[in-house]
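Have a look at the structure below, then the notes.
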Amino acid sequence: MKFKLQLVSEPGENETAAACIDEIFSFDKPFDTFESIGMNLCESKQLLKNLQQSIVEKQLAAFIKGKGLQKFRRKGNYTVKLKTLFGDISFESPRYYGEDKKTFSPLNELLPNHTTPELLFLETKWASLIPFEKTANLLKEVLPVAETINATTIQNHLYGLALAQEQEVGEEQWMYDCGSINQRQALPRPERTIVVGIDGGYVRDWKDKKSIFEVIAGKSIPAEKPAKCFAFVGSYDLKSKRRLYNHLTSQGMQPHQQIEFFSDGADNLRNLQNYLNAESTHILDWFHITMKLTVLHQCALGSIKVDEKRGKLFNIY
């Protein structure tokens, strides 16, 4: 059987272009074997790539036409490549002479980056779960992305996105204003409490095997929204308190929000929690309380061997 897929593009309300029909993909498929039923992976990837190319070309042409550039003298074209989830799209970008005699490209306004947000999203999401190399291989296996994508590309995109997010983080503060008591009491009190567990652990530096650093990780659990995990390296992160504040705010923390912090009472963890919210409660979790009592109990047992009378008295408490 022969199949032919066509794309029909129709003008919008304020557009004057005529409707257009383009042939996107055609292929022959037998029907006498189980393996030939439906589309295979190669056919679907080629179909998506052709469809993406046609859609992008029509969108860019409509954008340029809507800019009203007839009064500008055209200099020429240059080839631009746009990296998308469904392959690299190459197209001709026109250049014009502006009123100040400088050349400009109208597509620079529409395409500030040459990698689409959808591709960056999937790259960074998968790269946070599996190694960069495996992320690149998985993308190439299931989607018609460019064959040139590799672990270095994934790493560079992830690093660039991290820098952009870092610039959006506000300045660090030692105290965050929650308003006066009267202002907080005038607000409707949230029904539920946000529970935050936070702890630190030491990790060996993979570059310098002799050095270690502390990773602070935690989990915030609001009643009405999904729980979220967070983590950062306190010795490297210069905005750790701001980052924790933004994290809780994104989960709906309000100035009069009741928050319960569970930690082991370490100084660096308490400093992070202090002055974040006026309604917060700081609790030493039972596990660390048990650890401290266990240490005291062992000390009492050891004291018996040195001073039996005082050791037994200490062991009672």
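Values computed for the structure shown
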read-out: Condition check for Pro188: closer than 30 Å to His256 by Cβ, assigned by TED's automatic domain parsing to the domain that holds Leu269 and modelled with pLDDT of 75 or more; value: no
read-out: Search result, residues across region 86-115 that are out of contact with any Pro (no Cβ under 8 Å at 6 or more places or on another chain) and either assigned to a loop (DSSP other than H, G, I, E, B) or of a type in the set (Val, Ile, Thr) (or both); value: Ile89, Gly98, Glu99, Asp100, Lys101, Lys102, Thr103, Leu111, Pro112, Asn113, His114, Thr115
read-out: Filter result for the condition that a residue is in a helix (DSSP H, G or I), charged (D, E, K, R) and touching a residue at least 24 places away in the same chain (Cβ under 8 Å), over Glu118, Glu133; value: Glu118
read-out: Single residue of region 129-174 satisfying the filter (loosely packed, with under 11 Cβ neighbours inside 10 Å and acidic (Asp, Glu)) that is nearest to Ser240 (Cα to Cα); value: Glu171
read-out: Residue match in region 116-128 (condition: buried (at least 17 other Cβ atoms within 10 Å of the Cβ), of a type in the set (A, V, I, L, M) and within 30 Å of Gly76 (Cβ to Cβ)); value: yes
read-out: Single residue of region 36-54 satisfying the filter (among the polar types (S, T, N, Q) and in contact with a Phe, Trp or Tyr (Cβ under 9 Å, 6 or more places away or on another chain)) that is nearest to Met1 (Cα to Cα); value: Gln46
read-out: Identity of the residue in region 284-304, surrounded by 15 or more Cβ atoms within 10 Å (Cβ to Cβ) and within 13 Å of Ile198 (Cα to Cα), that ends up modelled with the highest pLDDT; value: Asp285
read-out: Failed item, numbered, when Lys71 is tested on (1) touching a strand residue (DSSP E or B) at 6+ places or on another chain (Cβ under 8 Å); (2) assigned to a loop (DSSP other than H, G, I, E, B); value: (1)
read-out: Residues satisfying the stated conditions in region 48-107, i.e. touching a helix residue (DSSP H, G or I) at 6+ places or on another chain (Cβ under 8 Å), β-branched (Val, Ile, Thr) and either over 25 Å from Thr148 (Cα atoms) or surrounded by 17 or more Cβ atoms within 10 Å (Cβ to Cβ) (or both); value: Ile64, Thr84, Ile89
read-out: Within region 247-260, tally of residues that are modelled with pLDDT of 85 or more and either surrounded by fewer than 16 Cβ atoms within 10 Å (Cβ to Cβ) or assigned to a strand (DSSP E or B) (or both); value: 4
read-out: Selected residue (only one of Gln251, Gln258 is under 19 Å from the mean Cα position of the chain (by Cα), over 20 Å from Gln167 (Cα atoms) and of a type outside the set (Asp, Glu)); value: Gln251
read-out: Selection count where residues are among the small types (Gly, Ala, Ser) and surrounded by 14 or more Cβ atoms within 10 Å (Cβ to Cβ), scope region 232-246; value: 2
read-out: Pairs with Cβ under 9 Å, 6+ apart, first in region 212-240 and free of Cβ contacts under 8 Å to residues at least 12 places away in the same chain, second part of a loop (DSSP other than H, G, I, E, B) and of a type in the set (S, T, N, Q); value: Pro226/Gln251; Ala227/Gln251
read-out: Qualifying positions in region 207-226 - under 24 Å from the mean Cα position of the chain (by Cα) and either surrounded by fewer than 12 Cβ atoms within 10 Å (Cβ to Cβ) or modelled with pLDDT under 80 (or both); value: Ala223, Glu224, Pro226
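To keep it simple, each residue is scored yes or no on (1) of a type in the set (A, V, I, L, M, F, W, C); (2) over 27 Å from Ile289 (Cα atoms).
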| position | (1), (2) |
| --- | --- |
| Gln173 | no, yes |
| Tyr176 | no, yes |
| Gly179 | no, yes |
| Pro190 | no, yes |
| Val195 | yes, no |
| Gly200 | no, no |
| Arg204 | no, no |
| Ser220 | no, no |
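The values are calculated or read from the model by the stated rules, or taken from the named source; none is laboratory data. Please read all numbers here as calculations on a predicted model, not as lab measurements. Neighbour counts are summed over all protein chains in view; Cβ atoms, including those assigned to glycine, are modelled from backbone coordinates with ideal geometry.
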